[in-house]
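Readers should treat all values here as calculations from the given coordinates under stated rules, not as data from a laboratory. Note that the coordinates shown come from a computational prediction; the quantities given were computed from them, not determined experimentally. Note that we place each Cβ from the backbone using ideal geometry, even for glycine, and neighbour counts take in every protein chain shown.
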Amino acid sequence: MKELKYIIGKKKDLPEKYHEKMIILIRSNDSERLPFEPPSLAFYRNYWNLPKPTEQETITVFAFNDSDELIGFGYSGWNIKYDNLEHGFFQIYVVPTNRRIGYGTEIMRKLFSQIPSQIKALAASAKEGSVGEAFLQKFKQESCFEEIIRAADLSEFDLEEIREVVTKETERIEQLGYSFVELESFDYAEKFNEAEYVKMVERIWNDMPREEMSFGEDIITPERYKSMIEYTLKKGDRNFGYAIATKETNEPVGHTRVLYNKYDLNLVEQDDTGVVHEHRGNGFGLALKYKVLEKILSELNAKFWFTGNAQSNKHMIRINKKLKHKTVGKKIVYEFKREEWELI
């Protein structure tokens, strides 16, 4: 195995002549990790130029062969604000023609040597049955989280039938003392008490299954949530959906949001759906998804609507099956403790 050369740092540290090649490698990595064909290179060119979220620190190991060709990378990020300050994530990618000769392991060791001392655990994910999963299993046999990826073929729905369901659901939730509230980008701050809405999001996220992952609860502030929405918009997403609120006090008790990227008009991504605990049992999760499905069918020209759920989230999986979502893949997460990666 010939020795690799490295540039270690941020995107700005990689000479411009390598930028297009790196963009291609990032897309190739996603093509092996995602159940669908990834977006166009235009999406990744835009993504490459986005500033990272301010609450996160990152580092990249760019790997070159002896001909100065960029043949792989290692990437890691971790929180520096809000929560889970001892946790991070990483990715390793090597072009297929340079695999099975130890470069992936060498890049991983180089990346791990750059991780600051406060980080005690790093997670990596791969599509079940992929080359990436086989690579991670060389070092870690037991996974800590499994996410089932499901997709619905939007051509299988009849818009008029969905409208009839939504009309009935709207009447039903109004009789219970609630109503639908349309959402688009940042307008939750105008339609609700902003702090109440963000607290609802925090509660929903912290109630999601974590399976065997060691990270703790999320802290979502109005500033942080606004930054998250802003980041999706900069990536080219339309970020929209619906909330359910009490009619008497306008308290938000659940919501659903989807993302529709201008660089990938075939896919609608289900971003978030949830209802706070004390308002469950009323069928609000399914009602919200029917409502946003009506909007998807009315306004978009997408072919598929996809979502991911922890395999232990049986309730949401039942909802998605009812909405004709079929399994298209599974994402497996492996978590490496510091004492484990230091032995690699």
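Taking the beta-carbon count within 10 Å as an exposure proxy, list Lys331, Lys226 from fewest neighbours to most. Don't jump to the answer; show the numbers that get you there.
Numbers: Lys331 20, Lys226 15.
Ordered by Cβ neighbours within 10 Å, fewest first: Lys226, Lys331.
How much of the pair distance distribution for segment 5-119 lies past 23 Å, counting alpha-carbon pairs only, in percent? Walk me through the intermediate numbers first.
On the way: 1996 of 6555 pairs.
So the pairs more than 23 Å apart make up 30 percent of the total in segment 5-119.
Return the Rg/Rh value of segment 150-330, two decimal places, where both radii are evaluated on C-alpha atoms and Rh is the Kirkwood radius. If you can, show how the numbers build up before the last one.
Details: Rg = 15.8 Å, Rh = 16.9 Å.
For segment 150-330, the value is 0.94.
If the limit is 22 Å between Cα atoms, which of Lys120/Lys226; Lys10/Lys331; Lys12/Lys330; Lys52/Lys138; Lys11/Lys262; Lys168/Lys321 go over it? If you can, show how the numbers build up before the last one.
Details: Lys120/Lys226 28 Å; Lys10/Lys331 27 Å; Lys12/Lys330 34 Å; Lys52/Lys138 31 Å; Lys11/Lys262 24 Å; Lys168/Lys321 20 Å.
Correct reply: Lys120/Lys226; Lys10/Lys331; Lys12/Lys330; Lys52/Lys138; Lys11/Lys262.
Going by how many other beta carbons lie within 10 Å of each one, how would you line up Met1, Met228, Met108, fewest first? Intermediate values should be presented prior to the final figure.
Values: Met1 9, Met228 15, Met108 25.
Arranged by neighbour count, lowest to highest, Met1, Met228, Met108 become Met1, Met228, Met108.
Could you list Thr60, Thr170 so that the one with the fewest beta carbons within 10 Å of its beta carbon is first and the one with the most is last? Each step should come with its number before you reach the end.
Numbers: Thr60 22, Thr170 16.
Final ranking by Cβ density, sparse to dense: Thr170, Thr60.
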